[in-house]
Structures are given as structure tokens and as C-alpha cells.
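No lab work stands behind these numbers, since they all come straight from the coordinates. All values reported here derive from a predicted model rather than from experimental measurement. All Cβ positions, even for glycine, are placed from backbone atoms using ideal geometry, and neighbour counts span all protein chains on display.
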Amino acid sequence: MPELHAFVLADGLVPDLDVASWVNAGLGWLLDTFRPVFVLLRDVLAWGVGALEVAFAGPPFWVIVIAFTLIALAATGWKFALFTAFAFLFIESMGHFEATMLSLALVLVAALLSVVLGVPLGILAAKNAAASAAVRPLLDFMQTMPAFVYLLLAVLFFRIGVVPGVIASLLFSMPPAVRLTELGIRQVDPEVVEAAHAFGA
């Protein structure tokens with residue numbers, strides 16, 4: 001059979017690439033070489049999440065409800081404040097208040113890190129065309145991949161706990177911070193910038 005003969009010839013010409021062993025070796029080297037860095041990051045992030053969790057779950061339940069209800073009232077109005085109070089009461093009635101406070105602490109730490117890392121990167125991308133061209137494909141990739149993929153890698157480097165959740169949330173939420181910062185700077189009217197320079201800015 002000509003097809004089978006051609007397949008045998010091609011099978012002999014195409015080398016067998018053991019990509020899995022290369023990836024495993026690279027990950028092993030990375031873990032062994034930078035283990036102190038990963039341990040330090042894990043401890044710092046775990047401390048931050050733990051501190052916020054204590055701040056949220058430590059006071060009496062009604063204190064947290066009143067505080068968040070007042071924040072919602074000041075931010076949006078009485079309708080959302082009423083919804084916030086009802087939501088907290090519903091969470092407490094199901095016995096998930098502490099778990100909710102842990103999730104809230106995790107999300108706040110990830111959001112803070114995404115702003116701290118994303119805004120400077122967005123400024124750099126807005127000021128430098130080469131940096132923008134280099135960052136854009138990376139941001140597209142980060143937004144395309146599901147957050148669960150980041151969670152698996154984070155567990156590999158930081159072990160099971162709250163830290164992988166922070167890392168996965170950070171990687172998934174940082175691209176909007178970078179993109180919106182770059183877009184906001186690029187859309188500033190050049191005449192406004194020129195006027196600011198004229199007044200010594």
C-alpha cells in the first residue's frame with residue numbers, strides 16, 4: 001500500500017520529541033532554583049489575606065453588616081444598601097459568613113495587586129510603542145485562558161491554600177487594569193497636555 005509505505009518512511013524521518021520530559025525538567029529546575037522566592041511570596045500573600053480576614057470576620061456580625069450597608073448607601077443609594085443588608089443576613093443564615101469574608105479578603109488582595117502592577121505597566125505601554133506591542137499579545141493570552149489554568153500552575157508553585165486563589169485572580173484581573181490605563185492615557189486630548197505643559201506641569 002503506497003499510503004502505508006509513505007507513512008513508514010515519514011515515521012523514520014520525523015524525530016520523536018520528548019516534550020513532556022523537557023517541561024518537567026524545566027519546572028523542576030524552576031522550583032528548585034526559586035523556591036525561596038516562592039515561599040516568601042506565599043507567606044506575604046497569606047499574611048495579607050489572613051489580616052484582612054481577621055479584620056472582616058473578627059468583629060461581631062452586625063458591625064460588618066452595618067459597615068457595608070453604610071458603604072453601599074453612600075456609594076449608590078438606599079436600594080443597593082437594602083440589598084447589601086439582606087445579602088449579608090442571608091449569608092449568615094446559611095452559616096457561610098466566615099467563608100464569605102475569606103473570599104472577600106482574597107479578592108481585595110488580588111484587586112489591590114492588579115492595580116499596583118497593572119497601572120505602571122499600562123503607563124509604560126502608553127508611553128512606549130515597543131512595550132505596548134510586546135504586552136498586547138501577553139494580555140490577550142491572559143484574558144483568553146480560563147482562570148482554572150492559572151489555578152493549577154499556582155498550586156504547583158505555591159501549594160494548596162489561599163495563595164493560588166490570589167495568583168489566579170490576579171492574573172485574570174490584571175489585563176483590564178493595563179488596557180484601561182493605556183487607553184485612558186492615549187485618549188487624552190493633546191491640546192490638554194500642551195496646556196498643562198504650558199502651565200508648568
What angle, in degrees between 0 and 90 and rounded to the nearest 10, separates the Cα long axis of helix 97-127 from the longest principal axis of the Cα atoms of the chain? 70
In sequence order, calculated HN-Hα J values of segment 57-68 (Karplus, 6.51, -1.76, 1.60; Hz; x Gly/Pro): 8, x, x, x, 4, 5, 5, 5, 4, 5, 4, 6
Dipole in debye (nearest 20) - the chain, about Cα centre, beta carbon charges: Lys, Arg +1; Asp, Glu -1: 520
Segment 62-122 shape via C-alpha gyration tensor axes, a/c threshold 1.5: oblate
In percent, how large is the relative contact order of segment 36-185, given Cα pairs closer than 8 Å and 6 or more residues apart? 29
Could you derive backbone 3J(HN,Hα) for segment 45-51 from the dihedral phi with the Karplus parameters 6.51, -1.76 and 1.60 (θ = phi - 60°), listing whole Hz in sequence and x where the residue is Gly or Pro? 5, 5, 5, x, 5, x, 5
Based on the inverse mean of 1/r over its pairs of different Cα atoms, what is the Kirkwood hydrodynamic radius of segment 110-201, in Å? 14.6
Against the 2.2 N^0.38 Å rule of thumb, the C-alpha Rg of the chain sits at a ratio of 1.49
